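Written out below as structure tokens is the structure these notes cover.
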Amino acid sequence: MPAITLTTLQSLKQKGEKITMLTCYDATFAHACNEAGVEVLLVGDSLGMVLQGHDSTLPVTIEEMAYHTACVKRGNTDALILADLPFMANATLEQTMTNSARLMQAGAHMIKVEGALWLAESIRLLAERGVPVCAHMGLTPQAVNILGGYKVQGRNENQARQMRADAISLEQAGAAMLLLECVPSELAAEITQAVKIPVIGIGAGTDTDGQVLVLHDMLGLSISGRVPKFVKNFMQDQNSIQSALKAYVNEVKAATFPGIEHGFSA
Ligand code: KIV
């Protein structure tokens, strides 16, 4: 077991201490993130964009996710490893079980799935079988073609009410963590208060239980040159990758990152 477990994350929420998470796709960065004290390493399907150069996460396969999860596991000692089920890897309940098993056997300690209430049954089945699940809500990039782009979600009252209700239902179904992406700050704060499980934000304001960023974004690396509003370049004031990672951990723990300017209004 790593030093950081689900129990650690739950007690951080109870104590009001912020949780630090970064995406990570290989052994060397896993080690560097451990040294900096990052508590959760997310093997995100964002690797399709930042490593593979695709314009979305849709082309990423379960084989690629298992490969990168195994790479991260080899460099990791302390952090909890969270791995994404990629696009359509959870199209059926049977696929969800088989593909989650692949990621857990590759080294993940928790699985992340994108969606909303429709995830409840698979979350319940996974939790019963010993797989902790993080439900990724709000902007779910695998649904970019339904959403019509990478847009803030939950801006109108109906959507906000639905998201609050779904978050509670997914907790009741057995979700161990929620991740809110591009959600108005006020709504993210309400959801964080409404559930007992840790809530991690990206573009979700200052009041979630923890924060995540894509590693390449926070190191100031971008292919497109388009930098989302919620990103901070931690290399700007640092002279090494290691100190940028440490600055990220320090700022999340001190609640100085994100600032109000990194969030969205309703
Ligand atoms: O795949 C990923 O990196 C993610 C983050 C954007 C949260 O899901």
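For K232, a cut-off of 27 angstrom between C-alpha atoms picks up these lysines, skipping any fewer than 8 places away in its own chain: K13, K15, K18, K73, K112, K151, K246, K253.
Here, segment 1-120 yields an orientationally averaged convex hull projection of 7.8 nm² when only Cα atoms define the hull.
About its Cα centre, the dipole of segment 159-232 is roughly 180 debye, where the only charges are +1 on Lys and Arg Cβ and -1 on Asp and Glu Cβ. Normalised by 2.2 N^0.38 Å, where N counts its residues, the alpha-carbon radius of gyration of segment 168-244 equals 1.29. Taking the Cα centre of segment 207-259 as origin and assigning +1 to Lys and Arg Cβ atoms and -1 to Asp and Glu Cβ atoms, the resulting dipole is close to 120 debye. Which one of M110, M235, M177 has the biggest mean-square fluctuation once the chain is modelled by GNM with Cα springs under 10 Å? Its mean-square fluctuation being the largest, the pick is M235. The residue list G138, Q153, I168 was ranked by how far each Cα lies along the charge dipole of segment 134-185 toward its positive end, using unit charges on Cβ atoms, and Q153 comes out on top.
At 20 °C and 1.002 mPa s, what whole-number value in µm²/s does Stokes-Einstein give for the translational diffusion of segment 206-266, with Rh from the Kirkwood sum over Cα pairs?
Approximately 176 µm²/s, per Stokes-Einstein.
Kirkwood hydrodynamic radius for the chain: how many Å is it when counted over pairs of different Cα atoms? So the Kirkwood estimate lands at 18.1 Å. For the pair segment 134-198 / segment 24-86, the C-alpha centres are spaced 22 Å from each other.
For segment 79-127, averaging the sequence separation of C-alpha pairs within contact (under 8 Å, six or more residues apart) and dividing by the residue count gives a relative contact order of 44 percent. Report, ordered by chain and residue number, the aspartates and glutamates lying within cross-link reach of K229, taken as a straight Cα distance under 14 Å and ignoring same-chain residues fewer than 8 apart. K229 reaches E181, D217, E261.
Charged side chains reduced to their Cβ positions (Lys and Arg at +1, Asp and Glu at -1) give the chain a dipole of some 200 debye around its Cα centre.
Readers should treat all values here as calculations from the given coordinates under stated rules, not as data from a laboratory. Note that the structure is a prediction, hence the values are computed from the model and not measured. Counting neighbours? That spans all protein chains shown, and the Cβs are built from the backbone with ideal geometry, glycine included.
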